[in-house]
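The values are calculated or read from the model by the stated rules, or taken from the named source; none is laboratory data. Worth saying up front: this structure is predicted, and the values here are computed from it rather than measured. Note: ideal-geometry Cβ built from the backbone for every residue, glycine included; neighbour counts use all protein chains shown.
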Amino acid sequence: MCDACSSAPWRRHRLASWGAFLALLLSACASAPPPEAPASLAGTAWQLVRFQGGDDKVVVPDDKANYTIAFAADGSVSVRFDCNRGHGSWKSASSGQIQFGPMALTRAMCPPGSMHDQLVKHWFYVRSYVVRNGRLHLSLMADGGIYEFEPLTPR
């Protein structure tokens with residue numbers, strides 16, 4: 001390498017260019033709005049609107065009020081899956097992540113067309129959530145699908 005290329009002014013110019021680039025990058029990041037933080041689920045109750053599978057097939061419940069979920073602040077959860085009711089636990093280790101524990105569920109035989117069996121089968125595969133536009137979206141692992149809930153309105 002020649003002496004002119006390794007001289008101090010050349011290195012200072014490269015360092016100044018990198019410094020300007022980093023300053024520009026940091027200022028752009030600082031001015032970007034922070035991402036919307038998911039709302040805490042504790043103390044909320046929801047009713048099912050629809051399920052969209054990983055294959056884009058959409059299933060809509062016959063009566064959304066028959067499919068509900070209520071999150072308590074103590075880590076317990078109450079559900080209604082059509083003709084059955086249950087209680088279990090939930091935890092969120094970090095923002096947007098959720099995991100359900102074992103659930104005690106009644107075992108009545110629901111009518112044909114019920115989403116009961118599907119919900120029971122998917123329950124332990126829910127891994128993340130987001131609250132967007134006032135609706136709760138529970139996502140199954142491995143792009144298995146998304147359950148969409150709206151706030152529960154008392155009857």
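For this structure, a couple of remarks:
- Output for region 81-113, where each listed residue is touching a residue at least 40 places away in the same chain (Cβ under 8 Å) and under 25 Å from Asp62 (Cα atoms): Gly113
Residue-wise test of (1) under 21 Å from the mean Cα position of the chain (by Cα); (2) surrounded by 10 or more Cβ atoms within 10 Å (Cβ to Cβ); (3) in a loop (DSSP other than H, G, I, E, B); (4) at pLDDT below 95.
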site	(1), (2), (3), (4)
Pro33	yes, no, yes, yes
Glu36	yes, no, yes, yes
Ser40	yes, yes, yes, yes
Leu48	yes, yes, no, no
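- Any chance Ala93 is closer than 23 Å to Thr153 by Cα and among the small types (Gly, Ala, Ser): no
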